[in-house]
1. Any chance you could count how many residues in the range 139-155 are touching a Leu at 6+ places or on another chain (Cβ under 7 Å) and farther than 15 Å from residue 204 by Cβ?
2. Got a sec? Which helices (runs of 4 or more DSSP H) wholly within the range 272-368 have at least 1 residues that are at pLDDT below 95, out of contact with any Cys (no Cβ under 8 Å at 6 or more places or on another chain) and farther than 25 Å from residue 227 by Cβ?
3. Output the residues belonging to the range 181-209 that are within 18 Å of residue 158 (Cα to Cα) and not polar (S, T, N, Q).
4. Need the failing condition index for residue 228 against (1) of a type in the set (S, T, N, Q); (2) surrounded by 18 or more Cβ atoms within 10 Å (Cβ to Cβ); (3) part of a helix (DSSP H, G or I), just the number.
5. With respect to residue 186, determine if the residue is at pLDDT below 95, more than 28 Å from residue 95 (Cα to Cα), surrounded by fewer than 17 Cβ atoms within 10 Å (Cβ to Cβ) and of a type outside the set (A, V, I, L, M, F, W, C).
6. Please work out which residue is surrounded by the fewest Cβ atoms within 10 Å (Cβ to Cβ), limiting yourself to the range 146-170 and to residues that are farther than 15 Å from residue 188 by Cα and among the polar types (S, T, N, Q).
7. When only residues in the range 64-107 that are modelled with pLDDT of 90 or more and among the β-branched types (Val, Ile, Thr) count, which is nearest to residue 149 (Cα to Cα)?
8. Go through 218, 255 for me and flag whichever is on the phi < 0 side of the Ramachandran plot and modelled with pLDDT under 95.
Amino acid sequence: MSLPNETLVAVLDGLPASVLADVARVSRRLNAVAERLLYSAISITDLLSGSSPVPARTLQCCRSILSRPHLVDTIKRLHIRWHGDFRSLSPHALAAACTNVGIALQTLVALEGLDIFLGPANLANVPHNPVHAIERILGSCALPSLRFCSLGAEWSKDVRPYTDILPAFLSTACRLTHLKLSDHHQPILALSHGALPALFYFRGSPYTAASLLPGRPVQYLALIGQDSDVSPENLRQIALTSAPLRSLDLSAMQVRPILLRHISIHLAAPLEILKVRLALRHTLHYALSGIALLAGLSSVLANFPHLLCFDLSPTEIDGGRQANLTEEASLCADWSRACPSLTRIVFPSGNQWRLAGDGSWVLSSSSF
């Protein structure tokens, strides 16, 4: 075969993994090219149960990585997902599996994207082992090329908390721009002052955000958990970013109007995008009264001097109720008078309205 490797990569790139695996068995040369494509982005999912108590696919992947040291500079993305019921699992087997994943991860010095969700692994109590399941993986790892990182496991109030292993690991990721921590709910993430100098996006609990954001250039923030956790004290800390916070995503929590008012006091000035899942069951009866009652948000929106987009699409409504375009158009006019910077509004119906050049609001897309 006279084709250069670059051409073969272009031909094979984009093929399904099952096809690439077949190609790799054709010849040594095709194996070398296909193998690099197969291992450039690895995605593994394991379903744990009493009959399958260990993440077999993950462990097989780790063995494959360790047996192919020539590929360590090829592997750029690693995605691991575990799911299952912790009550039927072996805590010691899961702890050993985490250790094995960590051994393989240590070799991936060129890794740019890491996404690990360990499902029930941290719920299974390992006696005399206070280390979080994620930290059993990260303990001896340093990934200086990492840009995107998502870590977590299923969470409850009585599970093992994170220790200083997590901040020690994050401190090695000097190029990290995107960070998601789905189960870190502790009041402090003890990072050194100069850690994560390039962090641009964060998704996690209000407590973690309040500890992490001060002094860092985070411009996009997504909060998880309960809206009662977003206290004025947390918001004051979140506001101390070194770059203006442009976007706030509250679609993962039920938001009451009092939280929007707190945000308007502490974070309003820099925000350009606000995405909210309103707790209508606490404040409005959408199906009975219509969205005209949302006009009450005008007084809050008046405190957002730079807001460009107000997105209410995550808000849950009665699925049988059709959108009232007249009411939506009226709200667009009311809100834009209160907040003249607005140019786009997305309603719970999914309808998107945009400000036209003549100052009128037009329906630009619809969910119906």
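1. Total meeting the criteria: 6.
2. Working: elements: 280-283, 286-289, 298-301, 325-338.
Ranges flagged: 325-338.
3. Listed by number, the residues that qualify are 181, 183, 184, 185, 187, 188, 207.
4. Unmet condition: (2).
5. Values: at pLDDT below 95: yes; more than 28 Å from residue 95 (Cα to Cα): no; surrounded by fewer than 17 Cβ atoms within 10 Å (Cβ to Cβ): yes; of a type outside the set (A, V, I, L, M, F, W, C): yes.
It is false that residue 186 is at pLDDT below 95, more than 28 Å from residue 95 (Cα to Cα), surrounded by fewer than 17 Cβ atoms within 10 Å (Cβ to Cβ) and of a type outside the set (A, V, I, L, M, F, W, C).
6. The residue in question is 156.
7. Residue satisfying both the conditions and the ranking: 80.
8. Details: 218 fails: modelled with pLDDT under 95.
Sole residue among the options that is on the phi < 0 side of the Ramachandran plot and modelled with pLDDT under 95: 255.
The values are calculated or read from the model by the stated rules, or taken from the named source; none is laboratory data. Just so you know, these numbers come straight off a predicted model, no measurement behind them. All Cβ positions, glycine included, derive from the backbone under ideal geometry; neighbour counts span all protein chains shown.
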